[in-house]
Amino acid sequence: MRIIATDRAEPGMRLGKSIYGPDGKLLLGIGIELTDYYIQRLLDLGVFMIYIDDPLTRDVEIEPLIDEETRLKAVNAVKKALLLASGTMKDKRGILEASGLVEAVDMITDELATKKRTLISVLDLKCYNNYTYEHSVNCCVLGLIMGINSSYNEFKLRNLGLGLLLHDIGKMLIPNEILNKPGTLDPFEFKQIMAHPQNGYRLLQHDDSIPPVARIICLQHHERCDGSGYPRSLAGDSIHEFSKIAAVVDVYDALTSDRVYRRAYRPHQAVAYIKAQSGHRFDNYTVQGFLKHIAPYPLGTTVRLTTGDEAVVVALNEKAPDRPTVRLFRDKFGTDIDPVQEIDLSKEENVHILEVVS
Ligand SMILES: [Fe+2]
């Protein structure tokens, strides 16, 4: 299987994975042949990366991080919790009990713990378009991967997961026109955006079912280690460990998502951004922990090497995430390499990935 940007898809290509809408409804099934109409519909729906089945990479399997059913349950639980907290839905029970968020966190944790993958191709989280809810679930998954690999106990994992699912709850008070505004925000709009951590904290503070640390994550996820964040310009260890995790996964997921005002970064670009801020805006220890689990070049990515050859990533290398094994299929003159060759970049010091071309 191969990953390509939907706007580079061509009629006649076959889908390597089914595509589901935000409501879990099947949009296009695996194996279907793409047409111009389908490609345009996918782009209109915000599905900007797709998996293609082709003979070159048929043996490359890309497992989803969490099952579609689990993801959908979590998205629905977040939606319900956010609507309850913002007062647009009523339930006398606490938000957690009424929404199913705890069950969602536990299901995600169980799945991630059983799959035990240390290096992940995060792109498999990315084929959806319902931003706020999907973003919360993505952050939760990324944060839990870090928590599991740091051997957090069940209690810590649950609190971290809940905080990540709820971290942007304060955005429920911001009109969509502001959240999705393509142009520059005016000072009043900017003030509303900047207030979402405190608003989130306030929305949750009278609910005894919410663990205090989940409220802290809401309040602090935009704080930065060098004191440049908001709302309180906290620095260093005055920021909670979980909030430092939230800061990194929030930025990573936001960067790798398509937004109205910019195209999504590819994973290697987002990794580079986070690395550059490590030790400044982001806590260095947290960033190192995060990058251990993120593949900058996910399985199925087509790349150009410094030799000029084109190749597809066919195996990840846990010890050197940016040096995967690649399968060469076209040389620098544009001639097909037949039979294809594979090289393990962790053993080829003089060959590097120059760019992503799919
Ligand atoms: Fe936020």
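The values are calculated or read from the model by the stated rules, or taken from the named source; none is laboratory data. Since this is a predicted model, take the numbers as computed values, not measurements. Note that each Cβ is placed from the backbone with ideal geometry, even for glycine, and that neighbours are counted across all protein chains shown. Ligands, DNA and RNA are stripped out before the accessible areas are found, and what is left, the full protein with its side chains, is counted by its heavy atoms. Shrake-Rupley method; radii C 1.70, N 1.55, O 1.52, S 1.80 Å.
Yes or no, residue by residue, for (1) touching a Lys or Arg at 6+ places or on another chain (Cβ under 9 Å); (2) crowded, with 18+ Cβ neighbours inside 10 Å; (3) in a strand (DSSP E or B):
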{"position": "Pro64", "(1), (2), (3)": "yes, no, no"}
{"position": "Ala77", "(1), (2), (3)": "no, yes, no"}
{"position": "Arg93", "(1), (2), (3)": "no, no, no"}
{"position": "Asp110", "(1), (2), (3)": "no, no, no"}
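Among the residues here, Asp344 does not qualify as among the acidic types (Asp, Glu), closer than 22 Å to Leu255 by Cα and surrounded by 13 or more Cβ atoms within 10 Å (Cβ to Cβ). Just one of the numbered conditions (1) surrounded by fewer than 17 Cβ atoms within 10 Å (Cβ to Cβ); (2) in contact with a Ser or Thr (Cβ under 9 Å, 6 or more places away or on another chain) is not true of Arg262: (2). Return a yes/no flag: does region 265-285 have any residue that is open to solvent by 20 Å² or more (accessible area, probe 1.4 Å), assigned by TED's automatic domain parsing to the domain that holds Gly163 and at positive phi. Looking through region 265-285, at least one residue is open to solvent by 20 Å² or more (accessible area, probe 1.4 Å), assigned by TED's automatic domain parsing to the domain that holds Gly163 and at positive phi. Residue selection: Ala235 satisfies the criterion of being out of contact with any Leu (no Cβ under 6 Å at 6 or more places or on another chain) and in the same structural domain as Lys80 (by TED's automatic domain parsing).
If the requirement is being modelled with pLDDT of 90 or more and away from the ligand (no atom under 16 Å from the Cβ), which of these qualifies: Asn153, Asn138?
Going through Asn153, Asn138 in turn, just one is modelled with pLDDT of 90 or more and away from the ligand (no atom under 16 Å from the Cβ): Asn153.
Total residues in region 170-197 satisfying the condition of being free of Cβ contacts under 8 Å to residues at least 40 places away in the same chain and open to solvent by 60 Å² or more (accessible area, probe 1.4 Å): the figure is 9.
For region 175-233, a residue qualifies if it is over 22 Å from the mean Cα position of the chain (by Cα), at pLDDT below 90 and of a type in the set (D, E, K, R), and the qualifying residues are Glu177, Asp207, Asp208. Please verify whether region 183-194 includes one or more residues that are more than 16 Å from the ligand (Cβ to nearest atom) and in a helix (DSSP H, G or I). Scanning region 183-194, I find at least one residue that is more than 16 Å from the ligand (Cβ to nearest atom) and in a helix (DSSP H, G or I), so the answer is yes. Looking only at residues in region 220-264 that are under 23 Å from Glu177 (Cα atoms) and not in a loop (DSSP other than H, G, I, E, B), the one that is nearest to the ligand (Cβ to nearest atom) is Asp250.
State whether the residues of region 234-241 include one that is open to solvent by 30 Å² or more (accessible area, probe 1.4 Å), under 27 Å from Val105 (Cα atoms) and in contact with an Asp or Glu (Cβ under 6 Å, 6 or more places away or on another chain). No, the conditions are met nowhere in region 234-241.
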